[in-house]
Amino acid sequence: MRRLLTIGALALFGVLSIGLYLLESEVEQTRRQLAALDVQLLEEQKNLQVLKAEWSYLNQPERLQQLAVAYIERFQLQPIAPSQIGRLAALPMRPETEPSSEDGQGGMVGLPRPAFKPAPPPGVVFASSGVRQ
């Protein structure tokens with residue numbers, strides 16, 4: 001009986017030792033991953049600072065004014081007249097879906113097709129998009 005208890009205790013000790021070793025190696029691997037992520041995070045923060053600096057340089061009003069003056073003749077830029085500004089509410093509403101194309105016109109059955117949207121008059125700028133037509 002005593003011998004059986006000793007063998008059982010040794011087996012339990014062996015299993016617990018192996019489990020502890022595996023757990024310790026898993027924790028160490030997780031620590032290495034965490035350290036690698038910390039390094040990556042610092043690198044991304046540095047990259048973000050560089051991008052912010054570039055963005056602030058590129059958006060300096062003086063620089064943009066110089067570019068506008070330099071390219072005003074090349075692109076024939078002109079100030080926007082109030083009559084060129086339109087409202088999005090003035091555009092007609094687009095239907096949500098088109099009827100399915102089963103007549104062999106190249107459309108796929110059951111998928112919505114883009115609806116025709118009339119172009120605004122030339123030289124009109126819509127206030128919300130800032131895109132000049």
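Each value in this text was obtained by applying a stated rule to the coordinates, not by laboratory testing. Bear in mind the structure is a predicted one, so any value in this text is a computation, not a measurement. Neighbour counts are summed over all protein chains in view; Cβ atoms, including those assigned to glycine, are modelled from backbone coordinates with ideal geometry.
State the number of residues belonging to region 65-98 that are in a loop (DSSP other than H, G, I, E, B) and touching a Ser or Thr at 6+ places or on another chain (Cβ under 9 Å).
Residues meeting the conditions: 1.
Which one of these is within 32 Å of the chain's Cα centre (by Cα) and surrounded by fewer than 10 Cβ atoms within 10 Å (Cβ to Cβ): E43, E62, E54?
E62
How many of the residues in region 79-90 are in contact with a strand residue (DSSP E or B) (Cβ under 8 Å, 6 or more places away or on another chain) and of a type in the set (A, V, I, L, M)?
3
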